[in-house]
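Peer 1: Okay, here's the structure, questions in a sec.
Please treat every number below as a calculation from the coordinates, not as lab data. Worth saying up front: this structure is predicted, and the values here are computed from it rather than measured.
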Amino acid sequence: MSQPRPLLSPPETEEQLLAQAQQLSGYTLGELAALVGLVTPENLKRDKGWIGVLLEIWLGASAGSKPEQDFAALGVELKTIPVDSLGRPLETTFVCVAPLTGNSGVTWETSHVRHKLKRVLWIPVEGERSIPLAQ
């Protein structure tokens, strides 16, 4: 298997994004982190978003912490989900904050959460607690 390279700019097409994501399959988080010079934390207790940041680097995401889709030009949001050995989700996932005040007139069609979830690239990550993060 040839070594993948991170995208240095946002992908121009969904096909390019998906191809890049598929190249990461089979690599451990530790391997991907080492290839881009990131230190892998021992656990995620203090670094909850670390996996997302790592994948954003590899996939060329442009949004960072801005309130827009990770791949705004493509209209695609990136979401990781920890799964067990059978592919079942191990926890819930966070989408965005839904303010309870100052939202008069907001409908599902115009909501921020709908915008975020319109198109999602889900990346499953082995998340069994018995597996060290780097592996």
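Peer 1: Kindly work out what percent of the DSSP beta bridges joining two residues of the chain are antiparallel, to the nearest 5. Walk me through the numbers on the way to the answer.
Peer 2: Working: 2 of 9 bridges.
Within the chain, antiparallel bridges account for around 20 percent of the total.
Peer 1: From the C-alpha coordinates alone, can you work out the Kirkwood hydrodynamic radius of the chain, in Å?
Peer 2: Details: mean 1/r = 0.0618 Å⁻¹.
Value: 16.2 Å, from the Cα pair sum.
Peer 1: Can you give the extra length, in nm with one decimal, that the chain gains between residue 8 and residue 31 once fully stretched, where that is 0.36 nm per residue apart less the Cα-Cα distance?
Peer 2: Details: separation 23, 0.36 × 23 = 8.28 nm, distance 1.82 nm.
Between residue 8 and residue 31, full extension yields 6.5 nm more.
Peer 1: For residue 92 and residue 46 in the same chain, what is the full-extension length gain: residue separation times 0.36 nm, less their Cα-Cα distance, in nm?
Peer 2: On the way: separation 46, 0.36 × 46 = 16.56 nm, distance 1.80 nm.
Result: 14.8 nm gained on full extension.
Peer 1: Quickly estimate the mean residue ellipticity at 222 nm for the chain, helices only: each DSSP H run with n ≥ 4 gives -39500 (n - 2.57), and the total goes over all residues, rounded to 500.
Peer 2: Working: 4 runs with 33 residues, N = 135.
When only DSSP H runs of four or more count, the value is -6500 deg cm²/dmol.
Peer 1: Using alpha-carbon pairs under 8 Å, 6+ residues apart, how would you state the relative contact order of the stretch 14-126 in percent? Please list the in-between numbers first.
Peer 2: Numbers: 103 pairs, mean separation 25.2, N = 113.
Relative contact order comes out at 22 percent.
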